[in-house]
Ligand code: ADP
Ligand code: MG
């Protein structure tokens, strides 16, 4: 009979909707004017009731001439669950079977969208709008403090707004591990598993921390499979792509790639400015767009958490001292966190920093010596001069005892080439740059 309903439904709603939302439903009972439908899980149930129940009712009544006074939608698991609770009522349950762990502050409304995060944002919005198994699992990756956790909570909050009964559970992989360990100790593994397998939407944060933890990986693997098989939504975050997480079991990384992988990049100056303005508005801070732009341009870090931290610091300072928030005040209070652009770098500062770092004499650096311990720092100094001072090759040659420009070019090229692969050299350059600016 459901086949008939599906066929007719195509005249009322799109074929995709029929396939997505109606097809997985089964007819449980049909007696008199009472029809019971079984949905695979709560997500379906809620969505179905909100969107399609009326259409289905109409089809039963009008097309199939089945008097459907009451249509009850139940979930598969609710039948199973009942049995389970019947068995376990006597044992006292201490594992909290239903918490969401959601932070209400993290919403879509206060998330600033830009080029750096619009893909991940769109994917999260889609899930929050109910496109559950289209992007399942949804895997979000990006650097620290770029909004992964925020987005994840936003999905959970939005879903609960729409479907208050939905079981949404947010957990970080560390807390998952901790819970598992205490469940193991207190011999409550069944309850632990039960808790995770009961959810409709699992928000699993910082999955990279499971790497190398065999037992938690194992448990998570089974949880993942169980949820995935029953078409529950899973969202994961990580600081790297699945394949890049070291020591992560392959059976997991392949599963992570089954759905959609979305990245978040560091924000641009415009995005940072927008985030500052938004946050200032939320916190009732009187922030001028010019000052926001100044902070966005000059803060050393790309981390949004630190960006917001800078704003809080600035506003605290401003209210303690009763001073308005200006660029001057920002310079004063955020000094340590800002890039020192106005510091003038010269040939001499570069020479000084390089000789100090490598512990070589200036005269040696300028000499014709070609031993590696001298030639390497010399090449790095040349590279830095070219990068930072934008000077000509012959100018650099002059400083180093009248070398010709092709020798200089050769040195610079060799550093540039090494820089692409050599992690140690990349580190060295970073350290040198830092001391140049300080
Ligand atoms: P991650 O989980 O990627 O390390 P978080 O989600 O914890 O980062 O974000 C760090 C802080 O920055 C949070 O306070 C979050 O609200 C804020 N944040 C990050 N990105 C944005 C954004 N695009 N708009 C508004 N706030 C943001
Ligand atoms: Mg996070």
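What follows draws every value from the coordinates through simple rules; no lab data is involved. Computed from a prediction, not measured in an experiment: that's the story for all the values here. Ideal geometry is used to build each Cβ from the backbone, glycine not excepted, and the neighbour counts take in all protein chains shown.
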Next on the checklist: Per-residue counts of other Cβ atoms within 10 Å, averaged by peptide: what ranking do you get for 311-323, 214-226, highest first?
Outcome noted: 214-226, 311-323
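Between residue 305 and residue 251, 0.36 nm times their residue separation minus their Cα-Cα distance comes to what?
16.1 nm
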Next on the checklist: Given contacts defined as C-alpha pairs under 8 Å and at least six residues apart, what's the relative contact order of the range 2-80, whole-number percent?
Outcome noted: 34 percent
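Set the Förster radius R0 to 25 Å, insert the Cβ-Cβ distance between residue 348 and residue 373 as r into 1/(1 + (r/R0)^6), and round the FRET efficiency to 0.05.
Calculated transfer efficiency: 0.70.
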Next on the checklist: Expected output is a single nm value to one decimal: the length gained when fully extending between residue 319 and residue 215, i.e. 0.36 nm times separation in residues minus the C-alpha distance. What is it?
Outcome noted: 32.4 nm
Checklist entry - Using alpha carbons only, how many degrees (0 to 90, rounded to 10) separate the axis of helix 42-51 from the longest principal axis of the chain? => result 70 degrees
Checklist entry - Taking only Cα atoms, what is the 0 to 90° angle, nearest 10, from helix 269-282's long axis to the longest principal axis of the chain? => result 60 degrees
Item to check | DSSP beta bridges in the chain [antiparallel fraction, %, rounded to 5] | outcome: 20 percent
Checklist entry - In what sequence, highest mean first, do 293-302, 354-363 appear when ranked by Cβ atoms within 10 angstrom? => result 293-302, 354-363
Checklist entry - So how far apart, in nm, are the two label points at residue 282 and residue 134 if each is 7 Å from Cα heading toward Cβ? => result 2.6 nm
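What's the FRET efficiency of residue 433 with residue 258 using the Cβ-Cβ distance as r and R₀ = 60 Å, to the nearest 0.05?
Efficiency for this residue pair is about 0.90.
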Checklist outcome for this item: Per-residue ellipticity at 222 nm attributable to helices in the chain (runs of n ≥ 4 DSSP H, -39500 (n - 2.57) apiece, nearest 500 deg cm²/dmol) works out to -16000 deg cm²/dmol
Checklist outcome for this item: Expected sort for 15-23, 392-400 on mean C-beta neighbours within 10 Å, highest first, is 392-400, 15-23
Item to check | the chain - Debye-derived log10 I(q)/I(0), Cα point model, q = 0.05, 0.14 Å⁻¹ | outcome: -0.31, -1.24
Checklist entry - Against the longest principal axis of the chain, how steep is helix 372-389, in degrees 0 to 90 to the nearest 10, with axes from Cα atoms? => result 80 degrees
Item to check | Rounded to 5, percent antiparallel among DSSP beta bridges of the range 2-80 | outcome: 45 percent
Checklist entry - Once the piece of chain linking residue 165 and residue 290 is laid out straight, how much longer is it, given 0.36 nm per residue of separation minus the C-alpha distance between them? => result 40.5 nm
